[in-house]
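A short write-up of the structure that comes next.
Just so it is clear, none of the values below were taken in a lab; they were calculated from the coordinates. Source: prediction; values computed, not measured. Note that we place each Cβ from the backbone using ideal geometry, even for glycine, and neighbour counts take in every protein chain shown.
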Amino acid sequence: MESYNHLYHTSRLIVKYWDNTLSEEERVALETWIAASEVNRLLFEELSKEEMLKEEMREMGKYHPQRAWDRIEGEVMVKRMIPWGRVAAAMALIILAIGAKWWYTDRTEPLVPVIAKTQQTKGQPVLIMGNGKEVVLQSTTDTLLTEQGGTEIRQQGNKLAYKDAGGPLVYNTLQIPRGMDYSLTLSDGTQVWLNAESSLRFPVHFTENNRKVYLTGEAYFVVAADAAKPFSVTAGQMEVAVLGTAFNLMAYENEPAIQTALVSGSVKIKTGGKETLLQPGWVGVTSNGHTTKQQMDIAALTGWKRGMFVFRNDDMSTVLHQLERWYDVTAVYPTGKAGNPHFTGAIKRYDNIEQVLEMLNQTGGASFKLSGRQINVAF
Amino acid sequence: MHTGDSHHSNHQLKSLFDLLYLRLCRFADQIITDSAAAEDIVQEAFIKYWQRHADITDLPAIKTLLYVMVRNACLNHLKHQKVVEKFAQTQTEVAEEAAVLKAEVWGELYRAIASLPEGCRNVFKLSYLEGLKNQEIADELKISINTVKTQKARALELLKLRLKPEAFLVLCLLVSEKYF
């Protein structure tokens with residue numbers, strides 16, 4: 001087989017040149033290589049130019065490693081799982097003890113935001129304006145609204161953006177129904193992605209020395225930096241204080257705990273007079289007015305933003321709640337039963353729920369049947 | 001089903017992916033100048049490598065295998081696009097080696113920069129990549145000019161520490177496997 005080892009050696013020398021850490025011996029080796037041919041000399045000239053560094057860093061930044069990894073992980077695992085699926089059918093008891101697993105491939109680009117298709121017509125997102133007026137947002141027509149004080153609200157597809165024009169403190173509420181997600185840009189430039197069955201209450205213009213918003217459900221925030229006006233999200237009895245950061249906050253009322261997953265920057269979680277400081281990569285888990293820190297797979301927790309369901313040893317109720325919110329269905333399953341299967345894997349949020357249930361059935365860990373708008377689960 | 005074996009393997013594949021994905025994309029992109037197709041090709045190469053050649057554990061050998069798989073897939077892609085004759089004229093061994101060398105150097109530098117802590121990275125990007133002055137950076141990021149200066153110094157310091165030979169990373173990987 002061909003070998004590129006000499007190239008790896010040369011590239012290491014050039015990286016060290018950039019880094020200014022060449023030893024005397026290495027410097028001589030690099031100079032010898034440069035002098036060996038005109039081609040080498042021209043190559044080195046290109047590879048040591050700051051202009052080229054800038055351009056190449058920009059080029060490198062335009063690929064999508066997270067999306068790529070979702071696909072590779074899914075595809076590699078599904079191939080690995082096929083023979084296991086057959087064995088599993090014969091050893092159902094063991095599976096139930098260890099936990100079922102399924103994986104699927106994200107072959108196509110995720111469409112975000114996206115709308116799930118089910119048989120019946122679905123709810124529409126609703127914007128409640130400062131004067132209490134309710135506006136139903138149609139993704140097929142673009143709309144331009146104006147709030148008191150002149151703030152412009154522009155709606156395009158499944159996106160809403162606020163343009164700051166000063167004025168009094170007026171709150172709007174955006175309610176997203178089951179079956180879709182939505183993106184919102186606040187007047188300060190903060191971006192919010194709202195997951196299905198979620199709502200956010202926020203000022204159309206941030207007046208005082210703070211930026212306070214209120215969440216039910218789940219949202220991913222990329223907060224615009226503004227040290228003079230700290231940003232905070234209130235969910236139930238909990239408040240998350242931030243200064244310019246990205247994080248996912250899951251606060252559905254039917255989940256046992258609120259999860260604050262920090263992607264970058266830093267946030268402070270305030271519960272019952274106590275404060276918990278989070279570092280990137282950590283998740284604050286809040287239940288019964290108490291917060292603990294845990295290290296979890298952040299990319300998995302924010303999978304919904306990339307159009308994926310991603311499970312990491314999640315139990316039946318966690319999995320079914322996500323299906324209920326996305327496909328607007330109701331799930332019926334045995335509770336309090338021993339051997340509740342757990343699921344690990346990544347799957348695209350398909351247009352069609354049948355495809356998802358089919359894959360869940362293939363795990364052999366439980367059976368999922370759809371009748372009308374109800375999923376019946378047996379295990 | 002969730003055996004320790006598959007878990008550590010998956011972890012190992014992820015480390016390889018983190019190390020090599022972007023530079024292989026850049027390599028493919030140089031050949032076919034289509035960034036979406038380049039990403040597809042590289043993803044398929046990772047999947048194929050893992051299904052057929054996971055027994056190879058020597059890093060330079062893995063890298064070479066991936067480069068060769070990506071190169072062949074790129075040439076196939078061009079054949080499909082019926083532009084192969086045009087490309088064949090420019091494609092020589094020298095051009096191929098140059099493409100590998102570029103991908104390696106820029107890929108390694110990108111990794112070093114991307115692994116800087118966020119505050120540092122932003123300052124570094126604005127200053128060295130976008131050419132802003134200290135005061136402009138301070139305004140842009142809403143931080144003091146002194147913070148900009150310290151972050152710049154820190155970025156350069158960290159950059160030196162982070163450009164370790166990749167061999168080190170693989171060594172860590174092999175050691176850490178024992179705990180899975």
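Provide the FRET efficiency to the nearest 0.05 for the residue A:317-residue A:64 pair, computing r from the beta carbons and using R0 = 41 Å. Write down the numbers at each step before the final one.
On the way: r = 32 Å, r/R0 = 0.78.
So the FRET efficiency works out to roughly 0.80.
The residues neighbouring residue A:248, those whose beta-carbon lies less than 11 Å from its own, together hold a net charge of 0 under the Lys/Arg +1, Asp/Glu -1 convention. Look at where the Cα atoms of segment A:235-296 and of segment A:23-51 average out, and the two centres are 51 Å apart. Take each residue of peptide B:31-43, count the partner chain Cβ atoms within 10 Å of its Cβ, and average: the result is 2. Summary of packing: across the peptides B:45-52, B:23-30, the per-residue average of other C-beta atoms within 10 Å ranks them, highest first, as B:23-30, B:45-52. Would you mind checking A:54/B:149; A:133/A:159; A:49/B:152; B:14/B:48; A:305/B:142 for any pair whose Cα atoms are more than 22 angstrom apart? Violating the 22 Å Cα-Cα cut-off are A:305/B:142. Taken one residue at a time, the phi angles of segment B:132-145 give Karplus couplings (6.51, -1.76, 1.60, θ = phi - 60°) of 6, 7, 3, 5, 5, 5, 4, 5, 4, 8, 6, 10, 7, 5 Hz. Gly and Pro are set to x. Within 10 Å of the Cβ of each residue in A:49-59, the mean number of Cβ atoms contributed by other protein chains is 4.
Starting from 0.36 nm per residue, how many nanometres of slack lie between residue B:15 and residue B:95 once their C-alpha separation is accounted for? The partial results should precede the final answer.
Values: separation 80, 0.36 × 80 = 28.80 nm, distance 2.87 nm.
That pair, residue B:15 and residue B:95, stretches by 25.9 nm at full extension.
Counting Cβ atoms of other protein chains within 10 Å of each residue's Cβ and taking the mean over peptide B:56-66 gives 2.
Among residues other than residue A:171 with Cβ under 11 Å from its Cβ, the summed charge is +1 (Lys and Arg +1, Asp and Glu -1). A simple count of charges around residue A:219, restricted to other residues whose Cβ falls under 10 Å of its Cβ and scoring Lys, Arg +1 and Asp, Glu -1, yields -1.
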